[in-house]
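Enquirer: The structure that follows is given in the form of structure tokens.
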Amino acid sequence: MTESEIRDAVREAAKLAKASNPLTPSITNTVTINFVANAQLAVGGSAAMVYLPDEGVSMAKAGAAMYINVGTLFPIYAETLPKTAAVLHEEGKPWVLDPVAIGMGQMRTDLLMTFKDYKPSIIRGNASEIIALAGLWGLEGGTDTSDVRGVDSTDSVRSAAHAAAALAQWTGGAVAVSGEEDLITDGRQIVLSQGGSEMMPCITGTGCSLGGVMAVYAAVADPFIAAITGAAVYNLAGTKAAAHASGTGSFQTAFIDELYIATPDAIAQNPLAVEEV
Amino acid sequence: MTESEIRDAVREAAKLAKASNPLTPSITNTVTINFVANAQLAVGGSAAMVYLPDEGVSMAKAGAAMYINVGTLFPIYAETLPKTAAVLHEEGKPWVLDPVAIGMGQMRTDLLMTFKDYKPSIIRGNASEIIALAGLWGLEGGTDTSDVRGVDSTDSVRSAAHAAAALAQWTGGAVAVSGEEDLITDGRQIVLSQGGSEMMPCITGTGCSLGGVMAVYAAVADPFIAAITGAAVYNLAGTKAAAHASGTGSFQTAFIDELYIATPDAIAQNPLAVEEV
Amino acid sequence: MTESEIRDAVREAAKLAKASNPLTPSITNTVTINFVANAQLAVGGSAAMVYLPDEGVSMAKAGAAMYINVGTLFPIYAETLPKTAAVLHEEGKPWVLDPVAIGMGQMRTDLLMTFKDYKPSIIRGNASEIIALAGLWGLEGGTDTSDVRGVDSTDSVRSAAHAAAALAQWTGGAVAVSGEEDLITDGRQIVLSQGGSEMMPCITGTGCSLGGVMAVYAAVADPFIAAITGAAVYNLAGTKAAAHASGTGSFQTAFIDELYIATPDAIAQNPLAVEEV
């Protein structure tokens, strides 16, 4: 796609999300679950969070798209997540995976391994997580020695480009690497989305809630455009919120405001660059 | 009751909650649990949240009133919720039920069925949830075909009036239907509470936290007055918060501020209309 | 230590936390988990929350310090918490315990009893909780008749001084009693930290998040100084936030802002008084 085609598609996705209020359920961590829901509502989606196996399956069927974040795992997830992801895959429903804290604990590793066959439409993570997931799935660019420290990245966004492309080629969807600039790829093209604020990593949940927002857009656009639209509205809102924040508390409040008032035009015009893989 | 008697009782309930700081524990969902607690504190209550069976029972005994919201069910709730509700019923403690997302999953249906015999003092939900609960309990005005989509309503408040009255007649308490205007009934009279803001459904948890606030008032007033007082302070705070919000982030912040500073007089004067069922 | 030595050490701890971004994982309640994480980030730490046994152990090994809050217990905690605390003790990692709602439910009592041998570096609670913990552990100044009402204190900070000193002498660490003024002791000296705002108990989580912040400082300073630094930055931020808050919603936003912008000098200069036990 040309840059101009991408911008047109982004504008359309932002518009459609507001117009159609897609039901976008999540199974996500308890730390940032409120932020995820409010961010999804701010961009036009309808949020619903669940934990139990039959509820995960029910939401996979009822939702227009779904978000799975493996942040704070509960024991029941050993049953809920594989069942839910299987239904999403069978029904061809778009879904977003956030492999947060990959490498911590056996259940997380087992679950992320299971997801390989259920091919998430969008994978969103920081550079270290994307590299580690490619490694876990035995794909190019991955490594099992990637240093994932808790939930923070120790690798640069660019260093994850090969892993991201390999993951996208495997799933047939898109991969988004979050960082100072965001890298989104469908395995053929790379879009670099710019803006944001250095306060974004100083509040918890900018990454998690971005995954939830990408799921809202995945209900109304293809995975590559959905991921680019999510990154664009986040970078736009981050830039604007930082301009009138006195610290990280008021930044978060302003950030939700900016997500809510961002127009499709402004989202489509947010700085981005297009490259071939 | 006449409108004037209702307004006097609302003023008294708002005053007593601030003066007596009633302990009002909750078992509620993880999405909006923080909002529930902060809203309860803002109107004068003391909040405490639990998950385990013996803790639910202990809180049912220690609390002045209690709030049960079936939002994000955990496996342990199969034991915790029936035991807790049974004690609330036996001890004659006022309690508020929010049947959120009724119809999703077997455990939710089983739990909500169990609650029929434990007669919640106040039931608060959106129109679709109230209609579906009346249907589940085999009461007039209910239907099992009500279209509950995730956590959002697809029915109008007025369309739930018969179901609400039937539920209130069964429990001997009150039922509150949230929507553009709020309908509260004790099975004999209907109060319509007005105000609020179109931003209220654009943040997660205005409904959940309203249930928690009604529980605080139920500790110091009868269920009908408690439900009206909760709806009144929410509509008042929503109207005032919207006047100086730049989006849904600052709206939520301002909304908690307005709950905290609302005076008993202002709450009692919030627009309402009284009708017979 | 003299007052001047204490102030110097506090300044250094505040500086080091910002400079080194220590990984400070938590196992904490779902009500205030987001507030804990954002407060930890605001003072310079890196947050990560877990629930499962092997993840608790993994975080105990990877973290620079850890925070355990027994607020909303899940069934799995019967396994997770003892295993995690054992590793923290074996590895000599500093950790902070918040014995919130001590006395409610059997699991909470059992867990808190287990922690006696794992000697938390800092224990933070309100007066009633500190007195009850000393009683549970059979130490001087404690009582099993202390009236812990839900999560709120019914005892004065001063009345918990003996219990606090006895606990600190047992653990070899520090104990912080939160209230109108905060009392911190290492069993030999007492520091009274002043400031804050009467709005602090009107939002949920000022206590919980203070425990998480003390854990961040415990990664870079000894327990006594870490606890004093945490109390100082909280009292400073509370005082400053109250000056421009319109209610408890904007207070919480401003409070996080003030934590984020507080300088090591301002933290070190916050009012405090030193006494011998």
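The values are calculated or read from the model by the stated rules, or taken from the named source; none is laboratory data. Fair warning: this is a prediction, and the values are worked out from it, not measured in the lab. Ideal geometry is used to build each Cβ from the backbone, glycine not excepted, and the neighbour counts take in all protein chains shown. In case anyone asks, the SASA skips ligands and DNA or RNA and just uses the protein heavy atoms, side chains included. Shrake-Rupley method; radii C 1.70, N 1.55, O 1.52, S 1.80 Å.
Enquirer: Write down the percent of antiparallel bridges among all DSSP beta bridges whose residues are both part of the protein assembly as shown, to the nearest 5.
Expert: 45
Enquirer: Relative to the present Cα-Cα distance, how much length would full extension add between residue B:109 and residue B:21 at 0.36 nm per residue of separation?
Expert: Once the chain is fully extended between residue B:109 and residue B:21, it gains 28.3 nm.
Enquirer: Can you figure out the FRET efficiency of residue B:1 with residue B:158, using R₀ = 22 Å and their beta-carbon distance, to the nearest 0.05?
Expert: It comes to 0.55.
Enquirer: Rounded to whole Å, give me the distance from the Cα center of segment C:219-266 to that of segment B:12-63.
Expert: 26
Enquirer: For residue A:245, what charge total do you get from the other residues with a beta carbon under 15 Å from its beta carbon, if Lys and Arg give +1 and Asp and Glu give -1?
Expert: -4
Enquirer: So with the 1.4 Å probe, I'd like the accessible area per residue for chain C, rounded to whole Å².
Expert: 31
Enquirer: Also, I was wondering about something else. Over the Cα atoms, compute the radius of gyration (one decimal) and Dmax (the largest Cα-Cα distance, rounded to a whole number) for segment B:3-276, in Å.
Expert: Just the Cα atoms of segment B:3-276 yield Rg and Dmax of 16.6, 47 Å.
Enquirer: In addition: Round to a whole number: what % of the accessible area of segment C:110-265 belongs to carbon and sulfur, probe 1.4 Å?
Expert: Roughly 49 percent of what the probe reaches on segment C:110-265 is carbon or sulfur.
Enquirer: Top mean-square fluctuation among C:112, C:133, C:167, Gaussian network model of chain C, C-alpha springs under 10 Å?
Expert: Of C:112, C:133, C:167, the most mobile in the Gaussian network model is C:112.
Enquirer: I'd like the trypsin sites (Lys or Arg not before Pro) in segment B:116-212 restricted to DSSP loop residues with at most 13 other Cβ atoms within 10 Å, sorted by number.
Expert: Those that pass, being in a loop and sparsely packed, are B:188.
Enquirer: Kindly compute the accessible surface that chains C and B hide from a 1.4 Å probe when together, both sides summed, and give it to the nearest 100 Å².
Expert: Result for this pair: about 2200 Å² buried.
Enquirer: Taking the Cβ-Cβ separation of residue B:180 and residue A:244 as r and a Förster radius of 35 Å, what is the calculated FRET efficiency to the nearest 0.05?
Expert: 0.65
Enquirer: Still on this structure: Hey, in the GNM for chain C with a 10 angstrom Cα cutoff, which one of C:13, C:243, C:86 fluctuates hardest?
Expert: Top of the fluctuation ranking is C:243.
Enquirer: Expressed as a fraction of 2.2 N^0.38 Å, the rule-of-thumb size for a compact globular protein of N residues, what is the C-alpha radius of gyration of segment A:58-179?
Expert: Here the Cα radius of gyration is 0.98 times the empirical estimate.
Enquirer: Compute the normalised compactness of the protein assembly as shown: alpha-carbon radius of gyration over 2.2 N^0.38 Å, N being the residue count.
Expert: Normalised by 2.2 N^0.38 Å, the Cα Rg of the protein assembly as shown equals 0.90.
Enquirer: According to a simple spin-label model (label point 7 Å from Cα along Cα-to-Cβ), what is the distance in nm between residue B:61 and residue B:269?
Expert: Placing both labels 7 Å beyond Cα along the Cβ direction yields 4.6 nm.
Enquirer: Tell me which GluC sites (Glu not before Pro) from segment B:181-277 have a DSSP coil assignment and no more than 10 other beta carbons within 10 Å of their own.
Expert: Passing sites in segment B:181-277 are B:198.
Enquirer: Cut-off under 20 Å on the C-alpha distance; same-chain residues fewer than 8 positions from residue A:240 excluded. Which aspartates and glutamates are left, in chain and number order?
Expert: Output for residue A:240: A:180, A:181, A:182, A:198, A:257, A:258, A:265, C:257.
Enquirer: Here is a follow-up. Across peptide B:25-37, what mean number of C-beta atoms from other chains lies inside 10 Å of a residue's C-beta?
Expert: Per-residue shielding by partner chains comes out at 6.
Enquirer: Between B:236, B:192, B:111, which gets the highest mean-square fluctuation from a Gaussian network model of chain B, Cα cutoff 10 Å?
Expert: Looking only at B:236, B:192, B:111, the biggest GNM fluctuation is shown by B:111.
Enquirer: For C:97-105, what's the mean count of beta carbons from other chains sitting within 10 Å of each residue's beta carbon?
Expert: Going residue by residue through C:97-105 and averaging, the value is 3.
Enquirer: Here is a further query. Which whole-number percent gives the relative contact order of chain A, counting Cα pairs below 8 Å spaced six or more residues apart?
Expert: Reported as a whole number, the value is 21 percent.
Enquirer: Now for a separate question. Per residue of A:238-250, how many C-beta atoms from partner chains lie within 10 Å of its own C-beta, taken as a mean?
Expert: The shielding value for this peptide is 5.
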